[in-house]
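What follows is one structure encoded as structure tokens, with my remarks underneath.
The values are calculated or read from the model by the stated rules, or taken from the named source; none is laboratory data. Keep in mind that this is a model prediction, so the values were computed, not measured. Neighbour counts run over all protein chains shown; Cβ positions are idealised from the backbone, glycine included. Ligands, DNA and RNA are stripped out before the accessible areas are found, and what is left, the full protein with its side chains, is counted by its heavy atoms. Shrake-Rupley method; radii C 1.70, N 1.55, O 1.52, S 1.80 Å.
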Amino acid sequence: MSHTLYPLRKQRLHRSELAVPASNPTMIDKASGSAADYVFLDLEDAVAPPEKEQARKNAVQALNDIDWAAKGKTVSVRINGLDTHYMYRDVVDVMEQAGDKVHTLLVPKVGVTSDLYMVEAMINQIEQGRGFATRVGMEALIETALGMANVEAIAQFGGRLEALHFGVADYAASMRARTVNIGGLNPDYPGDQWHASITRMVIACRAYGLRAIDGPFGDFSDPEGYKDGARRAAALGCEGKWAIHPSQVALANEVFSPPPEEVTKAERIISELKKAEDEGRGAASLDGKMIDAASEKMAQNVIDVAKAIATKA
């Protein structure tokens, strides 16, 4: 193991993240009572330009009126991009009026580390100016070719950054990739055309202590397609996925929750390795298979997620 280590910056249960347009207060109310671990109030793509100002006001009101933490949820706000004139007012209004209620700001289309620096500097000044004792986190959407080209540097930014998300729709457009459905597979490609990109983002996350989250699957009438995509993301190391429709929340929670038999096996691995350690052995066997220190780390990951789910319940 390298002497240089980056521990996980912020642990949060993040199996499902429900996207809610902040222009629709009814949907916000419903989202607060959903089974989602995470809810992000969207000020960006889901809100038309004439509705931006009202959506911002709705988000501030929802942050102040709803006790999201008491409902077992992390609440985030996706601000508009740094290339728009909406972004500065998003940060100023949300932070000044509800900066002690919001948990994270989600920054879209991050291309270079200075994008995060600008948002962090604004958050720092507002928190200091308002005297907030809380600390708002930041999350970054990797959804452009530039962002993916710089993903390792972005992951190293530090500061308030907690997680990276893979924004497949804008990424596909940026790459001029042919796709038949947001987050779906192109039958002309022999496999998963998003595999390499998600893997690169996950590697950057795990190297520098960030959570890795998969983005949307557009066809909410295809639950099996959604679960297939979620399973692929989980296999690559993502710990959660967006839900653009309430029906997708349960699917994400199912895929990213370790089943009881997996938790039981993880506990057995820990137990058997403890016995081996007491006997002066570094490895052991379980069900005819060798287990060692690496097995223990994988088992502990499963147990940690199970405990977080149990705590939420």
Quick tally, 1.4 Å probe accessible area for Phe220, Phe166, sorted with the most first, runs Phe220, Phe166
Estimated FRET transfer efficiency when R0 is 35 angstrom, pair Leu146-Ser271 (beta carbons, to 0.05)
0.15
Could you check the simple spin-label distance between Ala153 and Val92, using points 7 Å along Cα→Cβ, in nm with one decimal?
2.9 nm
Relative intensity, log₁₀ I(q)/I(0), of the range 265-313 from a Debye sum that treats every alpha carbon as a point, q = 0.21, 0.26, 0.28, 0.32 Å⁻¹:
-0.67, -0.89, -0.98, -1.16
Over 21 Å between alpha carbons, listed pairs Lys109/Lys241; Lys52/Lys227; Lys101/Lys307; Lys241/Lys297; Lys10/Lys101
Lys52/Lys227; Lys101/Lys307; Lys241/Lys297
Taking the Cα centre of the range 8-115 as the origin and placing charges on Cβ (Lys, Arg +1; Asp, Glu -1), which of Pro50, Leu13, Thr74 is farthest toward the positive end of the dipole?
Leu13
Would you please calculate the Kirkwood hydrodynamic radius of the range 117-178 over all C-alpha pairs and express it in Å, rounded to one decimal?
13.1 Å
Label point distance in nm, Ala250-Ser221, each placed 7 Å from Cα along Cα→Cβ:
2.0 nm
Once Thr26 and Asp65 are pulled to full extension, the length gained, defined as 0.36 nm per residue separation minus their Cα-Cα distance, is 12.7 nm
At a 10 angstrom cut-off on C-beta neighbours, averaged per residue, how do the peptides 151-164, 250-263, 267-280 rank from highest to lowest?
151-164, 250-263, 267-280
Probe 1.4 Å, all chains present, heavy atoms only: Met175 accessible area in Å², nearest 10, is 100 Å²
With the crude spin-label approximation of a point 7 Å out along Cα→Cβ, what separation in nm comes out for Asp278 versus Met118?
5.9 nm
Provide the gained length on full extension for the span Met1 to Phe132, in nm with one decimal, where the gain is 0.36 nm per separating residue minus the Cα-Cα distance.
43.3 nm
Taking a probe of 1.4 angstrom, what is the accessible area of Met138 in Å², to the nearest 10?
0 Å²
Which whole number in µm²/s is D for the range 235-284 by Stokes-Einstein, with the Kirkwood Rh taken over Cα pairs at 4 °C and 1.567 mPa s?
96 µm²/s
In whole angstrom, note down how far apart the Cα centers of the range 35-76 and the range 221-236 are.
26 Å
Relative to 2.2 N^0.38 Å, what does the C-alpha radius of gyration of the range 1-78 come to as a ratio? Two decimals please.
1.32
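Run the helix sum for the chain: -39,500 (n - 2.57) per DSSP H stretch of 4+ residues, divided by residue count, reported at 222 nm to the nearest 500 deg cm²/dmol.
The helix contribution divided over the chain gives -14500 deg cm²/dmol.
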Net dipole in debye of the chain [+1 Lys, Arg Cβ; -1 Asp, Glu Cβ; about Cα centre; nearest 20]:
380 debye
Solvent-accessible ranking of His195, His165, largest area first, probe 1.4 Å
His195, His165
For the range 104-176, whose charge dipole is built from +1 on Lys and Arg Cβ atoms and -1 on Asp and Glu Cβ atoms, the candidate among Thr134, His165, Met175 with its Cα farthest towards the positive end is Thr134
Over the alpha-carbon set of the range 113-223, work out the extent along each principal axis and list the three values in angstrom, largest first.
54, 29, 22
